[in-house]
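For reference, the structure discussed in these notes is given below.
The values are calculated or read from the model by the stated rules, or taken from the named source; none is laboratory data. Note that the structure is a prediction, hence the values are computed from the model and not measured. Because the Cβ atoms are built from the backbone with ideal geometry, glycine has one as well, and the counts that use them run over all protein chains shown. Areas reflect the complete protein model, heavy atoms only, side chains present, ligands, DNA and RNA absent. Shrake-Rupley method; radii C 1.70, N 1.55, O 1.52, S 1.80 Å.
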Amino acid sequence: GVPRCGASFHEPNKALRIELNANANCIWQIQRNANQTIRLIFSHFKFAPSSSCETESIKVFDGPSTDSPLLGQVCGDTDAVPVLESSSDSLTFLITTNSVAFTRNFFVYYYFFSPGSRTENCGGELTGPNGTFSSPNYPAPYPAFRYCVWHIQAPKNSKINLQFQDFFLELDRNCQLDFTAVYDGPTTNSGLLGKVCGRAQPIFESSSNVMTVVLATDDTNSYRGFSAQYSSVPLPGPVDSNTTLTCSSDSMRIVLSKSYLASLGFSEADLQLNDPSCRPVITDSVIFSFPLASCGTIKKDEGHSITYSNTISLAPAGSSITRQKNTEITAECKMRNNQTLQVIYVTKTNAIQRVTARGRYNVSMAFYESELFSKPIRYAPYYVDLNQTLFAEATLHSTDPNLQVFIDTCTASPQPEFGSLTYDLIRSGCKKDDTVVTYPAFENHGRFKFRAFRFLRSFPSVYLKCDIVICDSNNTDSRCARGCISRQKRDISPYTWKTNTVVGPIRLKRDLRAAEYPESLTEAEAEKTPNLQQYNFYTLAFVVLISNILIVVAVILKHHKHQAGYSYQKIQSS
């Protein structure tokens, strides 16, 4: 249901879809039955872009009013799926929004339960280097209104690899009904590694020896749930602060400090990559900088991420007789979920050391003049005619020739924030507009064309936002290879590498008179850009000139006609 602002609820369970605009200040109250606790789950929340906790938030109070003790606060940057439980006979939550024109969306559901009852008997503590666990009743359907928490603790100085061999939960767009959430730490207040639903085989990795896994279900649909196993691997130790790894779409850059190499017993003269011909540049530091697809770099497509790795072989300084075995530095760039996780670790007689940083693939999008895709539109707004064919291209800027760009979803909106008013051109790889035509994959480009739509008749500007998926072109089972995924068959893991880009605005040429071109245009571009006022001036001058010529011609003709008539009369009289 869509609750009115200020409503009170007494039902034993209820799901609420809340939509708010700017300057909202709404309070809702939940009243529980005797001897039961209220569990409130905010499974989806979308605040205005760039909002802060001071201007937009959800506040939950343990009591009948906002004067009751504060249980918790949810903001736009909350890195968790908030679950709050009452200790009194009621809960109150307040949602406030700022003045930004944007449609906020929230999905929250609650239910009453009895702590310590048999229905709450799920989850638990898992210890040891490896283990398995599954959802309640697996492989039979899981029960309704369950909240199960598993705390995993592996041996010290290790990290946890978690893999779901079988996973089948209710699927919805934002995983707001039934879902599994995985946290990188001992509690649900740790960083969220991911939230999953539907059918998938997700894999997660912690940064320490503790991990928390949550299963939350509602009462709509139940499926067989999941079966999972975890294992532990040695945790990298500290690395010298001057040793860094930087990853981009094009290259990998490894900087090793000489003092750190000396502490390991190595000299900069004893370094090589997988390809021995790739040598470092030695200054105050030892620097390897090379394209991603060169120097023996190994690429691995893991479905939910793409990893590039290369190894620097080390030999101790001095005589080769004292050479240590199994000593190497491995650098990894892991492209995952719109970000790059960069890892460098040293293996030395089973001791591993690591440093991490973050980056991302570089993806851009532009309109082009024609389907040759040779001349991009370099000015904005882009003025078009209604039903004009528009050509769009997404480009991945990478030196890896074996990557494929796939346009998963493209949505149009008159709002640059892409609020509630949107129009789908492409959704999950499927064409939703009759005029859309996609082109075959070409190198690091994804291309399509469509006609300027009726949106432009009603709104002055339209923006286009596209979700771009990057895959290994050699993987025949990747998201890119599967193409259109219908709603009935949507069982793809949400962990394929994905980013989004926005282009626009698009405007109708009839509005060109009122438009001013951006100051960022170069002089050459400004000369090429149509100037309607200039055209109108030249047209008017031309019309005036033609009019004057016609007047002169008419006078001359009239004069000649008069002279001809006079001569004819004179001949007759003679």
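Quick notes on this one:
- Shown are 479, 279, 507, 378, whose ranking by accessible area with a 1.4 Å probe and every protein chain present, most to least, is 378, 279, 507, 479.
- Near residue 153, once Lys and Arg are set to +1 and Asp and Glu to -1 for all other residues with Cβ below 15 Å from its Cβ, the sum equals 0.
- Förster radius 45 Å - calculated FRET efficiency between residue 31 and residue 474 (Cβ-Cβ, nearest 0.05): 0.15
- P(r) tail for the range 53-146: Cα pairs beyond 16 Å make up 70% of the total.
- Residue 398 accessible area, 1.4 Å probe, all protein chains in place, Å² to nearest 10: 20
- Inverse mean reciprocal Cα-Cα distance (Kirkwood Rh) of the range 8-113, Å: 13.9
- Solvent-accessible area of residue 150 with every protein chain in place, 1.4 Å probe, in Å² to the nearest 10: 10
- Around the amide H of residue 72, modelled in the peptide plane, lie the amide H atoms of 60, all under 5 Å away and 5 or more residues distant in sequence or on another chain.
- Annotation: residue 484 carries an accessible surface of approximately 80 Å², with a 1.4 Å probe and no ligand, DNA or RNA atoms counted.
- Between residue 415 and residue 267, residue separation times 0.36 nm minus the direct Cα-Cα distance comes to 47.5 nm.
- Which listed pairs, of 59/195; 334/432; 46/432, have C-alpha distances above 27 Å, in listed order: 334/432
- Counted charge near residue 93, where neighbours are those whose Cβ lies closer than 15 Å (Asp, Glu -1; Lys, Arg +1): +3
- For the range 282-291, Karplus couplings with θ = phi - 60° (6.51, -1.76, 1.60), whole Hz, Gly/Pro x: 10, 10, 6, 10, 9, 10, 9, 9, 7, x
- In order along the range 421-436, the phi-based Karplus estimate (6.51 cos²θ - 1.76 cosθ + 1.60, θ = phi - 60°) of 3J(HN,Hα) comes to 8, 9, 9, 7, 8, 9, 9, 6, x, 9, 6, 9, 10, 4, 8, 6 Hz; Gly and Pro are listed as x.
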